[in-house]
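The values are calculated or read from the model by the stated rules, or taken from the named source; none is laboratory data. What you see is a predicted model; the values in this text were computed from it and never measured. So basically every Cβ, Gly included, is an ideal-geometry build from the backbone, and we count neighbours across all protein chains shown. Just the protein is used for accessible areas: all its heavy atoms, side chains included, with ligands, DNA and RNA removed. Shrake-Rupley method; radii C 1.70, N 1.55, O 1.52, S 1.80 Å.
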Amino acid sequence: WVDAGSQITFLHLLLCGNNHPTLEVINKAIDIFPEALDMGELYGALPLHYACDLTFNNGVEIVHAILNLHPEAAKCKTVNDHFPFHWAMDWVVNGSQSEELSKLMQLLSPNRIAIVTHLLDAYPAAALEEDHFILMDCWEILCHAWTVEINEDSAEYGRLCELTELVLRARFIARRQLLEPDIADATLIEAERYVSYSPLPAICAEDHTPLDIPRLHRYMLRTHSRDASRHDSNGRLCLHVALEHNHLWNRTSSSSSASAVEGLYNVASKAIATRDLKTHLYPFIHAAVVSDCLSTVFELLRAWPYAARGLAKSNL
């Protein structure tokens, strides 16, 4: 059954509104009319899009079942360029504090995070795409989420950390997939076998200055401090990557937390005396080239003035 006007199938109807279909009912509907899995309604949304908005307990099972039968559905856009992932990462723009907190609690529910996990495994590149309705990508949403006050001892804070790590990993691997045709169509789990990934270098390469958000900064440096002393597959340290992406060392009297670059220096001080193997520049020179922030150059030199004499070692 398909509605002639809206192009909504019976499967769409089962998955929308306040319906709470069981997995058995969904499987039966698919058995009767499997073509529905690949049918978009008037605005191009597949049944998988609708399933990603489910909030009841077996919503995760339904999304997983649909993806098992039709994994390509994770790559399908609506007429507004929304992947199913965007429906799962639903957010409010310019909302009140209470509206933002409500959306965040919904996003941080165990079921929603499990749905996001399934979607990103099927199609990691969705994590790089902007939601054209709110003009934000998922990383901007998460950066904003980190500015919402949540008790760090709460379960929601733990799930925010979990979701951040999940999205960060997907974005890093998706960018590698764009450069390596052999893994371009792989799932997230398959691609991980061929990609060397560490969270701290990955977040240093992100825009929207994520390490300038104090709570996110503290979490990443506390949890992944060892990454700061390790070279990536290109022989680069986190400090080099952070400087390349215009992270700064801003020492201000009004802030009690270390900036991105200062924080990396605090957990891996030898990095300041190490050349970037990509540019062959010391950190202070790299900062002078890519940024017009003289205070960052000054602080890097003040932390290890011998770099100006060319006496720094070429590696750790």
Problem - Lone unmet requirement of (1) more than 13 Å from Leu200 (Cβ to Cβ); (2) among the charged types (D, E, K, R); (3) buried (at least 21 other Cβ atoms within 10 Å of the Cβ) for Lys270 - result: (3)
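With Val79, Val93 as the choices, which residue is at pLDDT below 95, among the hydrophobic types (A, V, I, L, M, F, W, C), assigned to a loop (DSSP other than H, G, I, E, B) and in contact with a strand residue (DSSP E or B) (Cβ under 8 Å, 6 or more places away or on another chain)? Let's see the steps before the verdict.
Numbers: Val79 fails: in contact with a strand residue (DSSP E or B) (Cβ under 8 Å, 6 or more places away or on another chain).
After ruling out the rest, the residue left standing is Val93.
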Handout entry: Among residues of region 1-51, those that are surrounded by 13 or more Cβ atoms within 10 Å (Cβ to Cβ), within 16 Å of Val63 (Cβ to Cβ) and free of Cβ contacts under 8 Å to residues at least 12 places away in the same chain, counted
Key = 1
Exercise for the section: Determine whether Val297 is modelled with pLDDT under 85, surrounded by 14 or more Cβ atoms within 10 Å (Cβ to Cβ) and β-branched (Val, Ile, Thr). Expected result: no
Practice task
Considering every residue within region 219-229, establish whether at least one is under 20 Å from the mean Cα position of the chain (by Cα) and without any contact (Cβ under 8 Å) to a residue 24 or more places away in the chain.
Solution key: yes
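Scanning for something closer than 21 Å to Tyr50 by Cβ and either crowded, with 16+ Cβ neighbours inside 10 Å or modelled with pLDDT of 90 or more (or both), does region 143-156 turn up at least one residue?
The initial filter retains those residues of region 143-156 that are closer than 21 Å to Tyr50 by Cβ, namely none.
Checking region 143-156: not a single residue is closer than 21 Å to Tyr50 by Cβ and either crowded, with 16+ Cβ neighbours inside 10 Å or modelled with pLDDT of 90 or more (or both).
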Completion exercise
By residue number, the members of region 280-290 that are in contact with a helix residue (DSSP H, G or I) (Cβ under 6 Å, 6 or more places away or on another chain) and without any contact (Cβ under 8 Å) to a residue 40 or more places away in the chain are Tyr282, Phe284, Ala288
Practice task
Among what's in region 60-111 and is exposed (fewer than 14 other Cβ atoms within 10 Å of the Cβ) and among the small types (Gly, Ala, Ser), pick the residue that is nearest to Arg159 (Cα to Cα).
Solution key: Ser102
Exercise for the section: For region 256-266, state whether one or more residues are open to solvent by 60 Å² or more (accessible area, probe 1.4 Å) and either touching a residue at least 60 places away in the same chain (Cβ under 8 Å) or polar (S, T, N, Q) (or both). Expected result: yes
Exercise for the section: Please enumerate the residues belonging to region 123-134 that are open to solvent by 10 Å² or more (accessible area, probe 1.4 Å), closer than 17 Å to Leu178 by Cβ and out of contact with any Asp or Glu (no Cβ under 6 Å at 6 or more places or on another chain). Expected result: Tyr123, Ala125, Leu128, Glu129
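Answer yes or no as to whether Arg193 is open to solvent by 20 Å² or more (accessible area, probe 1.4 Å) and closer than 18 Å to Arg236 by Cα. Steps first, answer last, please.
Working: open to solvent by 20 Å² or more (accessible area, probe 1.4 Å): yes; closer than 18 Å to Arg236 by Cα: no.
Spelling it out, it is not the case that Arg193 is open to solvent by 20 Å² or more (accessible area, probe 1.4 Å) and closer than 18 Å to Arg236 by Cα.
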Exercise for the section: Starting from region 74-89, take each residue that is of a type in the set (D, E, K, R) and list its partners that are assigned to a loop (DSSP other than H, G, I, E, B), counting only C-beta distances under 6 angstrom and pairs at least six apart or across chains. Expected result: Lys75/Tyr123; Lys77/Phe83; Asp81/His132
Completion exercise
Note: among Val289, Val241, Val261, just one is closer than 17 Å to Phe172 by Cα and among the β-branched types (Val, Ile, Thr), namely Val241
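Being under 23 Å from Glu152 (Cα atoms) and at pLDDT 90 or above narrows it down to one of Leu179, Leu188, Leu237, Leu216, so name that one. Can you show your working first?
Working: Leu179 fails: under 23 Å from Glu152 (Cα atoms); Leu188 fails: under 23 Å from Glu152 (Cα atoms); Leu237 fails: under 23 Å from Glu152 (Cα atoms).
None of the other options fit; the residue is Leu216.
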Practice task
Could you tell me whether Ser291 is out of contact with any Phe, Trp or Tyr (no Cβ under 9 Å at 6 or more places or on another chain), open to solvent by 70 Å² or more (accessible area, probe 1.4 Å) and at pLDDT below 90?
Solution key: no
